[in-house]
Amino acid sequence: MDNNEDVDFHSEIIFLLGLIRGNYKHKTLEYARKLTKSTDDYTRDRAIIVLGWLGTTQDTEILEEHLLNDKNSKCRAWSASSFMQMWFKSNSEDLKLKSFKSFQKALTRETDYFVLAVIIGAIREIGQKKFDISQKALDNLETEKIDIAKIKVQSFLAKTLNLN
């Protein structure tokens, strides 16, 4: 990774290293953090996914930055999914609140239905609420149902975050 300029190589290798986890988790995490700054969409996409698998609460700032500002919709979606993956590992209340705050900001500006579906799916898992929308409706990007669920999710986040 250090001596290779092949962007496609970096994308695939970081993803494989993330899958393996193993003894080089710390070094893999360093590479993933670095590669989230890549100008190549696919490389950022893979690095963001690896952050979800291996990252810590320290990485929530990186995920939020991509969730809110990345021009690539897949990178925004995988950022939301990575918050959920981190939460699955730690089940931390602090991570839950950081995720919810990031999701709340994202929902006010996001227009891509794929990204919205991933955000709503992540909130469903972390918040353990269904919001009257099925996973199938999210997977099929049923826009009317997503729009209705988005309103419910925003209300839930506002109540949840005001309680804390």
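Things to note:
- Across the protein chains, with a 1.4 Å probe defining accessible surface, the residues Arg21, Arg109, Arg76 rank Arg109, Arg21, Arg76 from largest area downward.
- Of Lys129/Lys150; Lys37/Lys96; Lys130/Lys159, pairs whose Cα-Cα distance is over 20 Å: Lys37/Lys96
- Accessible surface, the chain, averaged per residue in Å² (probe 1.4 Å): 54 Å²
- The residue among Ala137, Gly52, Ile126 whose Cα reaches farthest toward the positive pole of the charge dipole of the chain, with charges on the beta-carbon of Lys, Arg, Asp and Glu, is Ile126.
- Prolate/oblate/rounded call for segment 1-108, Cα gyration tensor, a/c under 1.5 rounded: oblate
- Assigned charges on the beta-carbon of Lys, Arg, Asp, Glu; the chain dipole about Cα centre (debye): 700 debye
- Solvent-accessible area, 1.4 Å probe, carbon plus sulfur percent, for segment 46-164: 48 percent
- Each residue of segment 110-125 is assigned a 3J(HN,Hα), and the resulting list reads 6, 10, 7, 5, 5, 5, 4, 4, 5, 4, 4, x, 5, 5, 4, 5 Hz, derived from the Karplus form 6.51 cos²θ - 1.76 cosθ + 1.60 (θ = phi - 60°), x at Gly and Pro.
The values are calculated or read from the model by the stated rules, or taken from the named source; none is laboratory data. All values derive from a computational prediction rather than experimental measurement. Note that we place each Cβ from the backbone using ideal geometry, even for glycine, and neighbour counts take in every protein chain shown. Heads up: the accessible areas ignore ligands, DNA and RNA and are worked out on the full protein's heavy atoms, side chains in. Shrake-Rupley method; radii C 1.70, N 1.55, O 1.52, S 1.80 Å.
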